[in-house]
Amino acid sequence: MAAAQSDKMSLPTRSDLTDGVVLLRQPREADIEAIALGAGDPLVAKYTVVPSPYTEQDARDFVSKIEQHWDEATAAVFGIFEAEAPADFLGMIGLHDLVLEGTPGGSAEIGYWMSPGARRRGLATRAVRLVSTWAIDELGLARIQWCALPDNDASRIVAESVGYRVEGTLRLGMLQRGLRHDQLLGSLLPADLIR
Ligand SMILES: CC(C)(COP(=O)(O)OP(=O)(O)OC[C@H]1O[C@@H](n2cnc3c(N)ncnc32)[C@H](O)[C@@H]1OP(=O)(O)O)[C@@H](O)C(=O)NCCC(=O)NCCS
């Protein structure tokens, strides 16, 4: 039964998501070094709200909270791997600000980044499609929100490839390390999803 239809609003028991090429699984201790390296990339710092500089302790703190967020049903975070190399961490994707509702459906905000060496291979697009499909089919979400800095073409193209639509600009909507920036806002509704 979909979590959204159960009495208690909880996430389903965690299981990996895969389309045969990309594998999404819970990040663990062995991934810490690669997570810290990836999140420390200047492009990730520029376009996300991760701490910068990003340390291994930041990665450890982040990973240690993932299970708690899953249990509390406040966020669902996955590491991105290739199915044929499930030990080599490539990126991170998550649904944050998760609100599970039975009817008329819940909502969340999607966020993602890829380590530099894993980009431009279509893996982020696959990961966004996998998580979005899972969120709609299994969690019953009615709306998945996407936000990005206005010049983040890569993130917008990835999101639009899965069906997300840009809705407008939130003026000074993004708070990033003590500074405010304009922010593009978009969303995916179930009918928009390009499977
Ligand atoms: C956004 C990001 C996750 C995309 O990852 P990716 O694995 O390169 O994405 P994909 O390979 O699935 O890209 C699919 C398409 O998006 C477009 N795209 C990806 N990166 C692009 C770039 N730098 N410039 C222009 N188009 C780009 C291309 O059309 C690409 O297809 P192609 O390589 O066949 O031309 C990655 O660039 C990243 O980690 N950026 C820094 C963090 C970030 O911006 N996160 C999102 C915050 S909102």
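Below 13 angstrom from the Cβ of residue 26, what's the summed charge of the other residues (Lys, Arg +1; Asp, Glu -1)? Within the 13 Å Cβ shell, the charges total -1. The loop-placed trypsin sites (Lys or Arg not before Pro) in region 112-154, going by DSSP, that have at most 12 neighbouring Cβ atoms within 10 Å of their Cβ come out as 120. For region 174-190, 3J(HN,Hα) computed residue by residue from phi via the Karplus equation (6.51, -1.76, 1.60; θ = phi - 60°) reads 9, 9, 10, 6, x, 10, 9, 9, 4, 9, 6, 10, x, 7, 10, 9, x Hz, glycine and proline entered as x.
Averaging the sequence gap over all C-alpha pairs within less than 8 Å and six or more residues apart, then dividing by the number of residues, gives the chain a relative contact order of 20 percent. For the chain, the Kirkwood hydrodynamic radius comes to 16.9 Å, computed from all pairs of different C-alpha atoms. If the Kirkwood radius is taken over C-alpha pairs of region 44-120, then at 37 °C and 0.692 mPa s the Stokes-Einstein diffusion coefficient equals 235 µm²/s. Charged side chains reduced to their Cβ positions (Lys and Arg at +1, Asp and Glu at -1) give region 3-192 a dipole of some 480 debye around its Cα centre.
So between residue 87 and residue 194, what do we pick up on full extension, going 0.36 nm a residue minus the alpha carbon distance? Fully extending the segment from residue 87 to residue 194 adds 35.6 nm.
Quick note: the coordinates plus some simple rules give every number you see, no bench work behind them. All of these numbers come straight from a predicted model, not from anything done at the bench. Here Cβ is always computed from backbone atoms with ideal geometry, including for glycine, and neighbour counts include all displayed protein chains.
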